[in-house]
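Engineer: Encoded as structure tokens, here's the structure I'll be asking about.
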Amino acid sequence: MTLDGWVVKQGKGGKRSGSAALRKNEEDADSSSSTCSVFTGTKQVTITSTNTSIEVYDPTDRESVDKILLLKDLQLKEQYEMKRAITKSIEYLQEEVTILQRLSKGKKLKVPTEASKGNESVEIDPFQNSECNSETLKLIKFYHIDDHHLFDKKITTRIDQKKKRCLEPARFCKYPWGKYTPSRYTDDPVGGLLQCGLCSKASQMDFVDFMPSTGTFYKGCKKWIEGTNDWNNYASENSWANHHSCEGHKAAVRFLNSRMQNDIRINLESERSASLKAFHQERNRHYFGLVTRSVLHLANMGDAIYGDTTREGKLRSTLKLLSHQSPYIEDFLSVQGKNQTLMTLTHKDHIDFILEQITKQIMKRQYTKLRDCIFACLIADEWSCRYSAKEYVSLSVQCVMNNLSTETIFLGFIPIKSTTAEDVTRAIIDTLRKIDPTFDMKKVVGQTYDGAANMQGKKGGTQAKIRESHCFFALPNHCWNHQIQITIKKYTKGHRLIENVLSYCEILVKLYKYSPKRSEMLVDIKLELRDDVQDGLEPSKFTTAVGKLLGLCVTRWTCRATSLFNYYHGYFAEFKGFVRIMVTRELKSKLKTDQKNEITGMLIKLQDFEFFYGLRVAAELFTIVEKTTVKMQEENLTASKGIQEVNKLLENLEKAKSDDAYDKIWKEVSDDREAINKKISEDNECQSYGIVNCISSPSRAASRVAMRDVNEVALDEEEAAKIYWKEFYVAAFEGVEEDLKRRLENDMLKTLVEMEVILVQLISAPEKEFEIENIVKNYGTGSGKEGAPFGEELTKAAILREMEIVREEWRKLRSDSEEWKKRRPECQDPLCADDVIDMMKDSFKSSKTLSDWKGDAPIIMKMLAIMATIAATSAFAERTFSLARRLKSYLRSQMLNDTFYRLGIIAWYDEKEINSIVDFVRIGNDFITNAHRKGIYGLNFKEEDFIPKQFDKSK
């Protein structure tokens with residue numbers, strides 16, 4: 001058999017019987033040989049070597065173990081170096097050491113036999129000829145008595161100075177309880193110590209019979225217990241045999257055997273205890289995961305998590321509900337249970353820790369987006385809690401990422417001392433600094449607030465202070481929805497017809513809605529009218545009205561269209577309700593004087609054509625405005641879409657003033673008046689009250705206008721009335737339109753309009769003239785600030801050159817992209833800048849990458865980014881107020897600012913999005929920071945700890 005150039009040769013007869021030899025594939029050379037012996041507890045191996053051959057043999061005539069020593073190119077010229085190298089090689093070769101250790105521990109070895117020539121092996125037991133029984137051998141292995149040290153022949157031959165005799169290694173095979181400790185491990189200068197390992201172990205374990213003073217067998221076994229180097233008396237075969245059969249040795253064996261059984265039992269109990277501890281730790285981690293997910297769910301829903309004590313609150317209620325599926329949770333929730341520490345997981349401090357960790361991970365993701373965005377726009381509004389004297393700022397940021405996608409990030413409710421511009425500015429800047437102390441404030445190119453003086457003040461407002469010292473290019477933008485509302489509020493109050501209508505509508509709502517009996521009576525009247533329709537009465541909008549009598553929104557004037565239409569469609573039911581009150585003695589007697597006067601006045605007003613006509617005109621005006629304001633409350637609404645919606649509103653107001661629109665309204669009012677009068681003339685209660693026609697004729701106003709037109713043609717009363725009431729109609733729409741145009745003329749909108757013209761109209765009309773004056777003034781070199789979005793490269797020539805590339809890509813995409821044709825079949829030219837952004841996003845997938853656009857059209861890319869960044873309205877901040885009122889209710893008015901901030905962040909974002917952000921394993925590992933908690937939960941958490949799992953309660 002060969003191995004890497006070496007030949008394994010079987011030895012022959014005599015002293016070398018059963019040995020093996022390794023020889024190099026070279027011619028043997030005459031040289032001096034050297035011999036080295038290595039001794040173990042059961043074997044003595046002698047190695048004889050020359051320059052080219054190494055022989056390993058066993059001098060004890062026991063079956064030998066073939067040694068394969070991979071020693072290539074071993075060339076040792078001197079005897080001392082040869083001995084040292086071979087000894088070191090045998091000690092450190094892992095295979096050799098493993099074989100010797102296994103042999104010394106009495107384990108069976110696989111060794112090749114002479115007949116098999118090394119191809120097969122048989123198992124041998126070094127203790128097969130031992131005088132010890134099986135129980136004693138178990139003791140020897142259990143207490144590691146057979147772990148002998150290796151020592152060389154040089155020491156063994158000097159054990160006895162007078163007689164250079166060697167301790168027979170086979171003695172340890174026959175009596176394996178023997179233990180030899182070389183001199184280098186003892187205080188004995190020469191020879192080392194020979195002991196009985198079992199007796200020595202029993203003495204160490206305080207065996208009574210081996211006690212030095214009172215021990216029965218101590219005197220007879222003293223030398224074997226303490227160890228001796230008296231080799232003349234104790235190294236012989238008889239001495240070993242006598243000790244093996246003495247009563248002291250047997251007593252030590254019995255003692256150790258009983259202790260071994262006890263130790264085995266203790267080990268088993270320890271293993272079972274460790275297994276049970278691991279089970280409980282796993283269950284405790286699962287419980288922590290259950291609490292964490294429950295806290296996250298409740299916080300995301302905006303519910304109250306904990307009450308006044310640890311036994312109250314929705315968290316414990318949720319866990320009790322889950323205990324039906326996992327009964328072991330009941331023990332954790334019980335104060336009298338065994339798991340007092342786990343019961344405190346529902347304590348406020350631990351819940352706050354979980355909320356804090358979740359909030360940190362969410363905001364870390366949002367801060368990363370802000371650092372990586374191109375531009376950002378601040379959206380802020382102040383909010384006061386009506387139940388506690390505390391002020392907050394709702395801060396959000398609308399930003400544009402590198403792929404031109406728009407995203408609005410909610411940064412939380414920031415507590416402030418007051419709503420002054422200084423405190424609001426400090427809160428906004430400090431929050432932005434938390435993102436990163438080196439956050440580039442020049443990325444902020446816009447500020448969208450409402451029209452409050454502390455926010456939009458030109459000199460002392462928040463927008464002015466932020467621009468002065470921090471965000472130089474953050475142009476202020478007054479929320480366009482807010483401007484529309486101010487316009488509607490101003491001109492409806494100044495318009496005589498609509499102002500009177502709204503005033504009487506408030507009285508109408510007060511008389512019905514805020515009286516349970518009258519409100520229920522109105523519902524009964526509407527149900528009676530519906531029953532009459534089922535009995536054969538001709539249906540109409542007034543007999544089938546089911547809308548509720550809603551109050552007019554106090555703060556949002558643009559949200560009154562639904563309420564006004566409900567008043568209009570329920571006109572007959574409301575009139576009949578007042579009549580029923582006045583004709584029913586029981587109901588009338590219960591009225592107070594002021595209530596009776598109000599109902600009488602409303603009956604008179606409901607019979608007036610002016611109120612009926614004005615109600616329909618107001619409903620039409622508010623409907624047109626409300627459609628626009630609803631669309632402008634969309635999330636991530638960009639300035640481009642805002643401009644488009646404002647232009648649509650102005651167009652709709654212009655159309656409403658047309659003759660066709662007025663004729664349609666006038667015809668509808670006339671037909672509805674006749675239908676209501678017909679219904680009233682047939683009603684018994686109205687006839688008993690003396691009312692035949694409800695709504696008067698408009699003809700009485702004809703006397704106020706000329707009865708002839710410009711062509712001197714005589715006009716009848718109806719035509720004259722139509723002309724008279726048209727003046728009120730047109731004035732309502734015209735006043736709103738003119739005031740809205742005036743309000744929208746500001747630096748921000750002028751700049752955005754210039755960009756809109758460049759990005760949209762230059763595609764369809766390349767020859768169109770355009771201006772860049774406001775762009776240069778606010779975002780270019782005209783600002784006088786360093787780091788402006790546009791530099792010297794912003795010129796008309798550069799814009800035209802880049803727009804040529806954009807125009808070519810638009811035409812290519814419109815003609816080649818089937819997906820674009822399906823999505824925008826009617827769009828031949830862009831309607832707003834958002835259409836150009838969509839075109840670029842589609843080109844990212846096919847023709848041009850983002851880096852290509854930045855290289856070919858850098859100015860256009862920045863313009864598109866700014867248009868997508870500026871928030872048209874502050875509706876996002878208004879929506880957060882709804883969340884704030886839900887979180888900080890009357891019962892939770894004393895909530896701490898930190899808790900309010902964390903709950904606001906968690907409740908705002910979608911739970912699915914939060915689950916994709918939050919690392920629950922990290923939260924668990926951060927929780928077990930001390931040794932006490934590690935003992936309860938284990939060293940670390942895993943993903944499966946946060947997955948629902950069933951556990952046995954009995955363990």
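Engineer: Which of the residues spanning segment 869-897 are open to solvent by 10 Å² or more (accessible area, probe 1.4 Å), of a type in the set (Lys, Arg) and more than 28 Å from residue 643 (Cα to Cα)?
Structural biologist: Correct list: 885, 886, 892.
Engineer: Find the residue count for segment 898-930, including only residues that are open to solvent by 10 Å² or more (accessible area, probe 1.4 Å), over 17 Å from residue 353 (Cβ atoms) and assigned to a helix (DSSP H, G or I).
Structural biologist: Of the residues in segment 898-930, 8 are open to solvent by 10 Å² or more (accessible area, probe 1.4 Å), over 17 Å from residue 353 (Cβ atoms) and assigned to a helix (DSSP H, G or I).
Engineer: Further, regarding this structure: Would you be able to tell me the number of residues in segment 381-393 that are closer than 24 Å to residue 453 by Cβ, open to solvent by 40 Å² or more (accessible area, probe 1.4 Å) and in a loop (DSSP other than H, G, I, E, B)?
Structural biologist: Result for segment 381-393: 3.
Engineer: Right, here's the next one. Do you know which of the residues in segment 429-460 that are in contact with a Phe, Trp or Tyr (Cβ under 8 Å, 6 or more places away or on another chain) and either over 27 Å from residue 777 (Cα atoms) or among the acidic types (Asp, Glu) (or both) is least open to solvent (accessible area, probe 1.4 Å)?
Structural biologist: Going through the qualifying residues, I end up with 435.
Engineer: Testing residue 929 on (1) farther than 30 Å from residue 404 by Cβ; (2) touching a Gly at 6+ places or on another chain (Cβ under 9 Å); (3) not aromatic (Phe, Trp, Tyr), one condition comes back false. Which one is that?
Structural biologist: All conditions are met except number (2).
Engineer: Is it the case, given these coordinates, that residue 789 is open to solvent by less than 20 Å² (accessible area, probe 1.4 Å) and modelled with pLDDT under 80?
Structural biologist: Considered against the rule, which asks whether it is open to solvent by less than 20 Å² (accessible area, probe 1.4 Å) and modelled with pLDDT under 80, residue 789 comes out as no.
Engineer: Can you give me the number of residues within segment 364-378 that are open to solvent by less than 10 Å² (accessible area, probe 1.4 Å) and under 13 Å from residue 913 (Cβ atoms)?
Structural biologist: 1
Engineer: I'd like to verify a number: residues in segment 330-347 that are buried (at least 16 other Cβ atoms within 10 Å of the Cβ) and at pLDDT 75 or above, how many?
Structural biologist: Residues flagged as buried (at least 16 other Cβ atoms within 10 Å of the Cβ) and at pLDDT 75 or above within segment 330-347 amount to 2.
Engineer: Here is a list of conditions, (1) of a type outside the set (Asp, Glu); (2) open to solvent by 70 Å² or more (accessible area, probe 1.4 Å); (3) closer than 22 Å to residue 831 by Cβ, and residue 764 meets all of them except one; can you say which number that is?
Structural biologist: Evaluating residue 764 over (1) of a type outside the set (Asp, Glu); (2) open to solvent by 70 Å² or more (accessible area, probe 1.4 Å); (3) closer than 22 Å to residue 831 by Cβ leaves (2) as the failure.
Engineer: Read through the list (1) open to solvent by 40 Å² or more (accessible area, probe 1.4 Å); (2) farther than 22 Å from residue 834 by Cα; (3) more than 46 Å from the chain's Cα centre (by Cα); (4) among the charged types (D, E, K, R), then give the number of the only condition that residue 739 fails.
Structural biologist: It is condition (1) that residue 739 fails.
Engineer: May I ask you to list the residues in segment 767-783 that are open to solvent by 70 Å² or more (accessible area, probe 1.4 Å) and part of a loop (DSSP other than H, G, I, E, B)?
Structural biologist: Listed by number, the residues that qualify are 767, 768, 769, 771.
Engineer: Just to verify a result, which residue in segment 841-868, among those that are farther than 17 Å from residue 801 by Cα and in contact with a Lys or Arg (Cβ under 9 Å, 6 or more places away or on another chain), is surrounded by the fewest Cβ atoms within 10 Å (Cβ to Cβ)?
Structural biologist: Out of the qualifying residues, it is 847.
Engineer: Looking only at residues in segment 633-665 that are surrounded by 14 or more Cβ atoms within 10 Å (Cβ to Cβ) and of a type in the set (Asp, Glu), which one is modelled with the highest pLDDT?
Structural biologist: 645
Engineer: Could you run through segment 742-761 and say how many residues are part of a loop (DSSP other than H, G, I, E, B) and within 18 Å of residue 830 (Cα to Cα)?
Structural biologist: Of the residues in segment 742-761, 0 are part of a loop (DSSP other than H, G, I, E, B) and within 18 Å of residue 830 (Cα to Cα).
Engineer: Pairs please, first residue from segment 786-798 and touching a residue at least 60 places away in the same chain (Cβ under 8 Å), second anywhere and part of a loop (DSSP other than H, G, I, E, B), Cβ atoms under 7 Å, 6+ apart in sequence or on different chains.
Structural biologist: 788/473; 788/780; 789/473; 790/780; 794/772; 794/780
Engineer: Let me ask you something else. Under the condition of being within 23 Å of residue 698 (Cα to Cα) and outside any helix (DSSP H, G or I), which residue from segment 589-622 is least open to solvent (accessible area, probe 1.4 Å)?
Structural biologist: Among them, the one singled out is 608.
Engineer: Open to solvent by 10 Å² or more (accessible area, probe 1.4 Å), of a type in the set (Val, Ile, Thr) and either closer than 29 Å to residue 841 by Cα or under 20 Å from the mean Cα position of the chain (by Cα) (or both) - does that describe any residue in segment 420-428?
Structural biologist: There is no residue in segment 420-428 that is open to solvent by 10 Å² or more (accessible area, probe 1.4 Å), of a type in the set (Val, Ile, Thr) and either closer than 29 Å to residue 841 by Cα or under 20 Å from the mean Cα position of the chain (by Cα) (or both).
Engineer: Same structure, new question: Name the residue that is modelled with the lowest pLDDT, counting only residues in segment 545-588 that are in a loop (DSSP other than H, G, I, E, B) and in contact with a helix residue (DSSP H, G or I) (Cβ under 6 Å, 6 or more places away or on another chain).
Structural biologist: Per the criteria, the residue is 545.
The values are calculated or read from the model by the stated rules, or taken from the named source; none is laboratory data. The shown structure was predicted, so the numbers you read here are calculated from the model rather than taken from an experiment. Methodologically, a virtual Cβ is constructed for each residue, glycine included, from the backbone with ideal geometry; neighbour enumeration extends over all protein chains shown. Please note that ligands, DNA and RNA were not included when accessible areas were found on the heavy atoms of the full protein model with its side chains. Shrake-Rupley method; radii C 1.70, N 1.55, O 1.52, S 1.80 Å.
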